[in-house]
1. Considering each residue of segment B:103-128, count those that are open to solvent by 20 Å² or more (accessible area, probe 1.4 Å) and farther than 13 Å from B:Glu162 by Cβ, and give that number.
2. Yes or no: B:Val87 assigned to a helix (DSSP H, G or I) and within 29 Å of B:Ala258 (Cβ to Cβ)?
3. If we keep just the residues of segment A:339-353 that are buried (at least 24 other Cβ atoms within 10 Å of the Cβ) and under 21 Å from B:Tyr155 (Cα atoms), which is nearest to ligand 3 (Cβ to nearest atom)?
4. State all residues of segment A:360-387 that are within 7 Å of chain B (Cβ to nearest Cβ) and within 10 Å of ligand 3 (Cβ to nearest atom); if no residue qualifies, say none.
5. Quick check on segment A:301-323. Is at least one of its residues open to solvent by 30 Å² or more (accessible area, probe 1.4 Å), part of a helix (DSSP H, G or I) and touching a Pro at 6+ places or on another chain (Cβ under 6 Å)?
6. Tell me which residues, restricted to segment B:1-31, are closer than 19 Å to B:Val87 by Cβ, under 23 Å from the mean Cα position of the chain (by Cα) and open to solvent by less than 30 Å² (accessible area, probe 1.4 Å).
7. Does any residue in segment A:303-314 that is more than 12 Å from B:Val210 (Cα to Cα) come within less than 6 Å, Cβ to Cβ, of a residue that is basic (Lys, Arg) and near ligand 3 (Cβ under 9 Å from one of its atoms) six or more places away or on a different chain, and which pairs are these?
8. Quickly run through segment A:254-287 and pick out the residues that are within 14 Å of chain B (Cβ to nearest Cβ), at pLDDT below 85 and closer than 30 Å to A:Gly336 by Cα.
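The values are calculated or read from the model by the stated rules, or taken from the named source; none is laboratory data. Computed from a predicted structure; not experimentally measured. Heads up, the Cβs are rebuilt from the backbone with ideal geometry, glycines too, and the neighbour counts pull from every protein chain shown. Note: accessible area is taken over every heavy atom of the protein model, side chains too, but ligands, DNA and RNA are not part of it. Shrake-Rupley method; radii C 1.70, N 1.55, O 1.52, S 1.80 Å.
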Amino acid sequence: MGISTLLFLALTGSAGWAFSRKVRLIRAKINLGQPVDRQDRSGERWATMARVALGQSKMGAKPLPALLHLLVYVGFVLINIEVLEMLVDGIAGTHRFFQPYLGSVYTAALHFFEVLAFLVLAACVVFLTRRFVSRVPRLQHPDLAGFPQKDATTILVVEVVLMGALLLMNAAEAALPGGTTYVISGFLVPLLSGLSESSLHAVVTGAWWFHWVGILAFLNYLPYSKHFHIVLAFPNTYYSKLTPKGQLDSMPSVTHEVKAMLDPSYAPPAGDAPARFGAKDVVDLHWVNLLNAYTCTECGRCTEACPANQTGKKLSPRRIMMATRDRLENYQPEDGLSLLDHGISREELWACTTCNACTEACPIGIDPLDIIVQMRQYIVMEESGAPHGLNAMMTNLENNGAPWPFAQADKGRWAQELN
Amino acid sequence: MGDTLTIRTVAEFAAAGELPEVVFWTGCAGSFDDRAKKITKAFARLLHKSGVSFAILGSEEGCTGDPAKRAGNEFLFQMQALQNIEVLNAYGIQSLVTACPHCFNTLKNEYPALGGHYSVKHHTQFLQELLQSGRLRVEGGKFEGKKIVYHDPCYLGRANGEYEAPRAVLAALEGEMLEMKRSRKNGLCCGAGGAQMFKEPEPGRQDINVARTEEALALQPDIIATGCPFCNTMLTDGTKHFQQEGNVEVLDIAELIARADDLV
Ligand code: HEM
Ligand code: SF4
Ligand code: SF4
């Protein structure tokens, strides 16, 4: 086994190990969440995943980013076939392992991959332009100050560089005697014309290694980034809510208590009272909320559609997801912090109209509203901390069965006013 | 004005050993709010005119609990819900119709888990069926040339995917239908949902109802139509904000149909 094969195996093996370790850590974080049954209706769930994640069906609401994303997405998936060959080459110490077996099919595939690589590169450049030149408001937004904006930039720049390395490698090979010229990298060949044969070999090897190490580094960066959506988009859409958007789930533990109040002979089943009603911290949320937080692409389509945000309120559904992820990443039991007040303020929570514009806008089936409602439940049921107007409404409801100070006894009075 | 109309309660039906075809769930706004009561009355007249045998629960109808639930008070919500379900189930009621999308959503989606299983319709869906079956006929001429823009209530639209029934009913008026840029699943909230109706808005640049009314007024409509008593209040306040209340009417779909038929 040559030294380069050893190096390859060592690098690839440790990168794979580090990645799987981080993935397991994230899995454990997500499992800190409360149980929720999303194992039902599996046929519909597979169909949702196929449509929304695989088929990108909700991206189309914005045609330009949808097209750009489709290029990156399809390019990434197909170019991975070539990455597979790199893996084989690295292990076997070969170069272009499949070429002798596939002949002209191989050449055709490489032309095709080059076109894809170019489209990915171009799409990423346009993505960067939208962020920093045309400054699309949802991509230049206070939510993204600091790491999130750097994160987005890193991903796009790395994609450009990786695709560039791939094309450069092919160009250097084409410049060698007897080399095949491919459709895109052919344009780069003149740039390399002054180089000696040995320099060209060095460029090929260098670009190959650069690309491979880049892939490994990128793989390990993924789980720290919004870019992890490329993996989590699939489970996230699978486990997304299938019931009508307007339906908020019932709390069975409350049902038992209320039934016992209404009927003293009712015996609630023992031992199912939750530690607390609603959510104060990330671990009070259910695991799909936490999966949602790790999946969010920070695209801001939800915030752009949010009526509260549009009218200048502090609430931003994207920030709800980002704050949940940040808190979960740093969560320690009993650390004196919590999602409520430290990550998300009450002012944000009370500004929500529960209009579902955010859940409609999200292209990956994320539900910020569910988190908002659970946090309101904590504030109201554990702290009686609702804003004044709501307390008045609830007092009326308790006393007269109506949110206003009118007696339920008069509920049919309008019918007498008809004639 | 329509002819005299006596509305019977479910209890009265039960005492006579009968069950109505449908129970009209009037909701709190529809029973107590002066503006919303007009919608309730208009819809009752339309039911009567169509020969639908319907009843109300009257004093036996409690709040569905929607505002408590959205405010985060699951206890209070379930107190209301379980009491309502007990009443409805005791009478053996199967179908409900309501002119409030919030009641509609709660009854339809949130009562089943608590033991309340009913066929629930929003009044625009019910009106569409009455029109389709020919039980209700509308004279279109009155609204000729009138520009009507429909505002999608969140709890009918996005929450329950009903965008077409209200539009189909409005089409019977033969007015000139306009669409806002943000409509159907992209519709902008009026600002009332999630119990916002009962509290002061958080600090911001603008009130949501003003933003929404501004969008509707930009189309220079004669009528802003909606299917929710809360949207109605919010958009009416919006027209007042722009001093347009004299030029633009905010009306429920039931009121428009009733007006076409000289029922109100
Ligand atoms: C599997 C390969 C995938 C790749 C390589 C990929 C790549 C990317 C990249 C590079 C961006 C960044 C755009 C920017 O920062 O401006 C992005 C954004 C995004 N991706 Fe993916 N993605 C993949 C899969 C998916 C899937 C399956 C979905 C599910 C629908 C998805 C949804 C999104 C969304 C919603 C955004 C934000 C786009 C926007 O700004 O509107 N991605 N993706
Ligand atoms: S449901 Fe709440 S957070 Fe989501 S868009 Fe509507 S107001 Fe904003
Ligand atoms: S929740 Fe969805 S729409 Fe909102 S930023 Fe995240 S991915 Fe985008």
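1. Residues that pass the stated criteria total 6.
2. yes
3. A:Cys352
4. Correct list: A:Glu360 only.
5. No, the conditions are met nowhere in segment A:301-323.
6. Within segment B:1-31, B:Ile7, B:Val10, B:Pro20, B:Val22, B:Val23, B:Phe24, B:Trp25, B:Thr26, B:Gly27, B:Cys28, B:Gly30, B:Ser31 qualify.
7. Within 6 Å, the pairs are A:Thr303/A:Arg318; A:Glu304/A:Arg138.
8. Matches in segment A:254-287: A:Ala273, A:Pro274.
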